[in-house]
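Have a look at the structure below, then the notes.
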Amino acid sequence: MNVLNELLTVVGVITISYFAILNGLYLVFTAIAWRSLGRHLRGRAYSAAEEAFDSPFTPGITVILPAFNEAAGIVQSVHSLLALRYPRYEVVVVNDGSTDDTVARLTDAFELVGAHRAIRPSITTQPVASSFVSRRNPNLWVLDKANGGKADALNAGVAAAQHPYVCALDADALIETDALLRVAEPILDDPVHVVATGGIVRIANGSTIDHGRVTSVRLPSNPLAVLQVLEYFRAFLIGRVGWTRMNALLIISGAFGLFQREAVEEVGGFATDTVGEDMELVVRLHRHFRARGLPYRIEFVADPVCWTEVPEDIASLSRQRRRWHRGLGQTLWRHRRAVGNPRYGAFGLVALPYFVLFEFLGPVVETFGAALTVVAFAVGDLSLRSFVGFLLLAFLVGIVLSIAALALEEFNFRRHPRTRDVVAMVLYSVLENFGYRQLNDTWRVVALVDLARRKQGWGTQRRRGIGNLAPRER
Amino acid sequence: MSVLVIAALALSACSIAMLAVLVTRRWELARRARHRRQVEDRLKQAALELLHGGVEPPAELSVEEKETLADLLGRYARTVRGPTHDHIVAYFAREGLIGREVTVMARARQPWRRATAAFRLGDIGSVDAAPALVEALRDKDRYVRIAAVRSLGRLRAPEAGAALVAAGAEGRAPEGLVRWALLQLGPPALPELRSLLSSPSDRERAAALQLIGLLGGPSDAGEAESRMRDSSSLVRTQAARALGRVGGERNLPSLLAALEDRIPAVRAAAAISLGYLRDPIALDALTQHAEGDPVFDVARESARAAAKIDRQASAARARASDSEHLREAVDLAGIR
Amino acid sequence: MTDADKTPTILVADDEEDVRELVTYRLTRSGYNVIGAGDGLEALELAAERTPDLMVLDVMMPKLDGYELTRRVRAEEALRSIPVILLTARSQETDVDRGFEVGADDYLKKPFNPDELVARVRAVLGRR
């Protein structure tokens, strides 16, 4: 009994300090986000986007669309990419050994003709067997290559790119018309230092999509999708804004990121042996520049929007989250020598340790905390009553923080036009603390176990990363 | 325990208060938007008439109506030029609004108010506002400076040339935007740009050459050619690019020499310009670079230029040498 | 009503309401009959239905951009001969080239001078 008691106390103290530190950090980040988002948005009303669109000095971008068995949606995706507001860009579709008629559909829709495309030797990829260009629009190219996964497809696009910047996309992501111009804004502002930028990812489930554009934004009817809407608000509006301020942003979503081509080539392109190639590349870029003491910036921009479909059933969501967590683990492991390394500044001292302790191992602590609560009740330990109280408090703080993220969205963007959607989101902010968060933690603990047993891909590609978005996943 | 209860109650109250704020705010904003829309619809006809015929709007407008009208005209002003735009400017001048914006831009305490004013002046102002906007290029807030650069470009104020170049070179505003603004000034900016060719800063010299290439004419070719021997590769690159636009046959030798420059960017620029000039004399050197230049971008630009000058010959050469750059360039030229 | 047959009908397509209103007002005042569309697809349908005498099309439009719309109009027997004036936000050579390539008769850069638009409309209509 005594031993158990001691153990409970130790775990209790750890859990409480964990929650205290985590929520403290969230509070700081929320405060930072409130400050800098407001300023950014006010400022962007006077930034000269129209002028950049009109200017011959705006640098060119190669938009890379990796496609694996995307026949159903590819033509529409390409149509909407060709309608982006950006003065100088090309679209390179990389067909990654599809077994369906992805290329045939593109050929029909855009009058593709065979044309040779020179490819840089800087990054090696699976061989590109043939390439095509559209007779309608010489800025549309299709590379047909042997299957090698999303990272490999992106690398082929980078190697073929003719412009100094490359934009990496998901095949089923929808980019808003002016998103490219907006995500490029930090680059237009400071082309010498900014090496990568990323936009916000929003959830399209429930909204109306017409000709490749989201025309009316509605909350999804599926509760699981609504919970993810809130999660994405927190992750993007609070997390990424805060990390950007410290120049320690570790994640640019694979669905929508803009990179300086030469920087990507210099660090060797996207890694093909991880399931989280988007985060891994950004971490590698940080290391590359910090190790050499070169000034650089990696920025999150809050207003360019990429719309995406998220899983609506538990099984796919669980698969997606486990994969994300494995990807996180792989990246952190690969760059373990930078964790806590003062040589790497805020990136090594704050961001990486945070990701190790709170993002990667956090679920373990949270799961222990929850288990302890149950044990505490079973044992009937009086001293533990206060511990349970603390947990409750942590829940409440969680709710307040969720609502704060929602308020951040409401005050700055108001993308959901219906008031009832907002009320629903507030209710879900409360609900998510009872069940959804725990479920999420469980998946991540399962992913940890998988990693520890090296089951399912530590370093091996279990499946293609394209269609990250689980509905497409088998 | 009671501390916990109090904390819990406080947090719950906090959530409920936030919910209330969110919902009330929404209602209020929706109401205001509706109201604004109504006022706007009422005034639209008057605005359109004023825009086209210079007819005075009804005199008895309320403050709110006046603001809405100004907003509406400001939006229209962004899409039109010429006499229609002049009508708008005349209206704002009559109402004393331009002077007011100038004052706000110079004096307002909050940076965003200064930025709004600087931005608006680009739409509704006239060149009279230019001196004040030039002042604003030194504002301590970056957004104000950016708005001022934009507005100076929109107003096409030729006297702003030097101040704009300086703002760009000193990093007070994004260089790309500054160059856009200078481009808007058009040929009247040329004397200023030419005098910058002897600036000690290579960035300024390069920027000036780039714009002279876009705005100037054949008489600028000599100056550009002499800059091909500049010690800075930034300057040589822009000189080579400029020669593609303002240069001619006489400049071919120096462009061919630039094709052998140590710095790849200069070689690529020379290749592009040789493509513009379309003189077959460059064909041989270009195909050689397309086949053998160690730098990818130089080889690609050389190939494109070669295909532009003589597609047939380049195609034959591509078959013979199997140069991937020549093949790409020939294929691309084929669909255009 | 009888001279409605003689008044040329112009189709104006632009997704920006401000621009559409402005152009509509100006052309109406110059004596034309104007019909408006808010996107490329709507414009195509309206064109098929009403067969206007001329079209003023914005290049950047949702659903179908100005180039693609022009291309489709040129591909359609009944609409082929309708003149098209493109409104573009950029004056870059490639844009203009592309405009003429797909079969536009003229183009105007935004911000534009409404008087000039009317002059171009007259010229293009007179040319036929």
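Coordinate-derived values only; no laboratory data. Small disclaimer: the values here were computed from a predicted structure and weren't measured. Backbone-built Cβ (ideal geometry, glycine too); neighbour counts: all protein chains shown.
Here is how the numbers come out for the structure above:
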item: Viscosity 1.002 mPa s, temperature 20 °C, Stokes-Einstein D of chain B from Kirkwood C-alpha radius, µm²/s; result: 89 µm²/s
item: Estimated inter-spin distance, B:Ser226 and A:Ala378, nm [label 7 Å along Cα→Cβ]; result: 9.1 nm
item: Highest to lowest packing among A:322-330, A:54-62, scored as the average C-beta count within 10 Å; result: A:322-330, A:54-62
item: Helix-only mean residue ellipticity at 222 nm for chain A, each DSSP H run of n ≥ 4 adding -39500 (n - 2.57), per residue, nearest 500; result: -15000 deg cm²/dmol
item: Using a Förster distance of 41 Å, the FRET efficiency for A:Phe434-B:Ser2 (Cβ separation, nearest 0.05); result: 0.95
item: Angle in degrees between helix A:150-160 and the longest Cα principal axis of chain A, rounded to the nearest 10; result: 40 degrees
item: Highest average packing first - B:243-251, A:164-172, A:176-184, Cβ atoms within 10 Å; result: A:164-172, A:176-184, B:243-251
item: Long-range HN-HN contacts of C:Leu87 with modeled amide H, under 5 Å; result: C:Leu57, C:Asp58, C:Val59, C:Leu108
item: Choice from B:Val39, B:Val134, B:Val104 with maximal GNM fluctuation in chain B (Cα, 10 Å cutoff); result: B:Val39
item: Average partner coverage of C:19-26, which counts Cβ from other chains inside 10 Å; result: 4
item: Rounded FRET efficiency, nearest 0.05, which uses the C-beta distance separating B:Arg37 from A:Thr215 and R0 of 35 Å; result: 0.95
item: Cα-based helix-to-principal-axis angle, A:314-334 vs chain A, degrees rounded to 10; result: 90 degrees
item: Residue-wise HN-Hα coupling along segment B:29-40, computed from phi with Karplus coefficients 6.51, -1.76, 1.60 (Hz; x: Gly, Pro); result: 5, 4, 4, 4, 4, 4, 4, 4, 4, 4, 4, 4
item: Chain B: relative contact order in percent, alpha carbon pairs under 8 Å with at least 6 residues between; result: 7 percent
item: Normalised alpha carbon radius of gyration of segment A:26-125 [divisor 2.2 N^0.38 Å]; result: 1.54
item: Virtual spin-label span in nm between B:Arg311 and A:Glu6, 7 Å along Cα→Cβ; result: 8.6 nm
item: Using θ = phi - 60° and Karplus 6.51 cos²θ - 1.76 cosθ + 1.60, couplings along segment C:62-68 (whole Hz; Gly, Pro as x); result: x, 6, 8, 7, x, 5, 4
item: Among C:Gly31, C:Gly99, C:Gly66, residue whose mean-square fluctuation peaks in a GNM of chain C (springs only between Cα atoms under 10 Å); result: C:Gly31
item: For segment B:1-93: span of alpha carbons on each principal axis (Å, largest first); result: 76, 25, 18
item: Distant alpha-carbon pairs in segment B:108-191 (separation over 21 angstrom), percent; result: 17 percent
item: Cα principal axis extents for segment A:337-418, largest first, Å; result: 48, 45, 15
item: Inter-chain Cβ neighbour average for residues B:15-27, partner chain, 10 Å; result: 5
item: By average C-beta atoms within 10 angstrom, highest first, the peptides C:108-115, B:188-195, B:161-168; result: B:161-168, C:108-115, B:188-195
item: Degrees between helix A:2-44 axis and first principal axis of chain A (Cα, 0 to 90, nearest 10); result: 40 degrees
item: Cα-based shape type of segment B:248-336, given that a ≥ b ≥ c are square roots of the gyration tensor eigenvalues and the cut on a/c is 1.5; result: oblate
item: C:Val34 long-range amide H proximity, modeled H, under 5 Å; result: C:Ile10
item: Average beta-carbon neighbours from other chains, 10 Å sphere, peptide B:175-181; result: 6
item: Chain B: most fluctuating residue of B:Ala306, B:Ala130, B:Ala108 per GNM, C-alpha cutoff 10 Å; result: B:Ala108
item: Inter-label distance for B:Ala10 and A:Ala371, nm, one decimal - labels placed 7 Å from Cα along Cα-to-Cβ; result: 3.4 nm
item: Two-decimal log10 I(q)/I(0) for segment A:185-326, as the Debye equation yields it once each C-alpha is a single scatterer, q = 0.15, 0.16, 0.17 Å⁻¹; result: -0.83, -0.92, -1.02
item: Under 5 Å, built H, 5+ apart or other chain: amide partners of A:Leu140; result: A:Val91, A:Ser134
item: Phi to ³J(HN,Hα) by Karplus 6.51 cos²θ - 1.76 cosθ + 1.60 over segment B:240-250, Hz, x for Gly, Pro; result: 5, 5, 4, 5, x, 9, 9, x, x, 3, 4
item: Cα-based shape type of chain C, given that a ≥ b ≥ c are square roots of the gyration tensor eigenvalues and the cut on a/c is 1.5; result: rounded
item: Cross-link partners of C:Lys109 among lysines (Cα-Cα below 28 Å; sequence separation of 8 or more within a chain); result: B:Lys44, B:Lys308, C:Lys63
item: Gyration tensor verdict on segment A:27-351 (Cα atoms; rounded if a/c is under 1.5, prolate if a/b is larger than b/c, oblate otherwise); result: rounded
item: Using a Förster distance of 35 Å, the FRET efficiency for B:Trp27-A:Val446 (Cβ separation, nearest 0.05); result: 0.20
item: Over 44 Å [Cα-Cα, the protein assembly as shown], rounded percent; result: 37 percent
item: Expected-Rg normalisation [2.2 N^0.38 Å, Cα atoms] applied to segment A:35-78; result: 1.84
item: 12 Å Cα-Cα reach of A:Lys150 towards aspartates and glutamates, excluding residues that sit fewer than 8 places from it in its own chain; result: A:Asp96, A:Asp170, A:Asp273, A:Glu277, A:Asp278
